[in-house]
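Presented below is the structure to which this report refers.
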Amino acid sequence: MPREADPLLEKRILDAARKLWNRGGEKSLTMRAVAKLAATTTPTVYQRFQNKRDILRALRQQAELSLFAALRPTRSPAQACQQYLEFAMKHPSEYELLFTGLGGRAWHHEPRPSFELMKQSVAARLGGSPQEHADLALALWALLHGTATLLVAGKADQRLSKQLRRSCLTTFEQLISDGSHRPNSNRR
């Protein structure tokens with residue numbers, strides 16, 4: 001009699017991969033280590049995921065959905081800014097995972113609901129379509145990402161961390177305010 005497929009196998013594999021990622025980043029994430037922690041075999045992991053890059057892509061998509069869930073209830077770009085920084089501080093491993101392989105070709109083709117939400121939020125505040133504000137949203141994201149990365153690195157003392165957050169929020173708001181007074185470069 002053939003064995004029944006385990007409906008939770010993929011979840012176990014991804015849970016194991018996440019634990020390994022949280023322990024030691026990409027270097028600790030091997031197919032063999034994932035299989036062992038997931039209580040399965042390496043060939044079984046390869047049946048579900050072609051390689052480590054596929055596992056990372058799946059973990060990154062889960063992290064992106066977690067970030068999106070944290071940002072979705074916000075009512076303004078400023079609230080989104082604060083929530084983004086909170087997410088990064090509370091979930092540093094997930095945050096780092098979001099940007100693993102940032103320059104890779106696959107990264108550019110993966111869905112980014114949080115970035116789309118930012119464009120929609122800016123468009124709601126300034127008018128126009130979300131796509132018309134892609135450049136501004138990218139600049140805002142770069143500001144947020146830089147600040148979040150500094151905060152997650154944990155090198156700043158509490159006073160500097162507060163100042164970084166305050167400066168980020170102030171600059172975030174200023175960029176949006178300036179965006180309302182300039183023609184958008186995407187409208188060409």
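The values are calculated or read from the model by the stated rules, or taken from the named source; none is laboratory data. All figures in this text were calculated on a predicted structure; none of them were measured in a lab. Cβ sites come from the backbone with ideal geometry, for glycine too, and all protein chains shown count toward neighbours. Each accessible area value is taken on the protein alone, full model and side chains, heavy atoms only, with ligands, DNA and RNA left out. Shrake-Rupley method; radii C 1.70, N 1.55, O 1.52, S 1.80 Å.
Okay, residues lined up against (1) in contact with a Ser or Thr (Cβ under 7 Å, 6 or more places away or on another chain); (2) open to solvent by less than 60 Å² (accessible area, probe 1.4 Å); (3) in a loop (DSSP other than H, G, I, E, B):
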residue	(1), (2), (3)
A33	no, yes, no
K36	no, no, no
T40	no, yes, yes
T44	no, yes, no
D54	no, yes, no
L59	no, yes, no
S66	no, yes, no
A70	no, yes, no
T74	no, yes, yes
*asked:* Give me the helices (runs of 4 or more DSSP H) completely within the range 78-188, filtered to those with at least 3 residues that are modelled with pLDDT of 90 or more and in contact with a helix residue (DSSP H, G or I) (Cβ under 8 Å, 6 or more places away or on another chain), ordered by residue number.
replied: 92-98, 113-126, 134-153, 158-179
_The lone exception for G24 - which of (1) crowded, with 16+ Cβ neighbours inside 10 Å; (2) free of Cβ contacts under 8 Å to residues at least 60 places away in the same chain it fails_ = (1)
*Filtering the range 9-21 down to residues that are in contact (Cβ under 8 Å) with a residue 12 or more places away in the chain and open to solvent by 40 Å² or more (accessible area, probe 1.4 Å), which residue is nearest to F115 (Cα to Cα)?*
R18
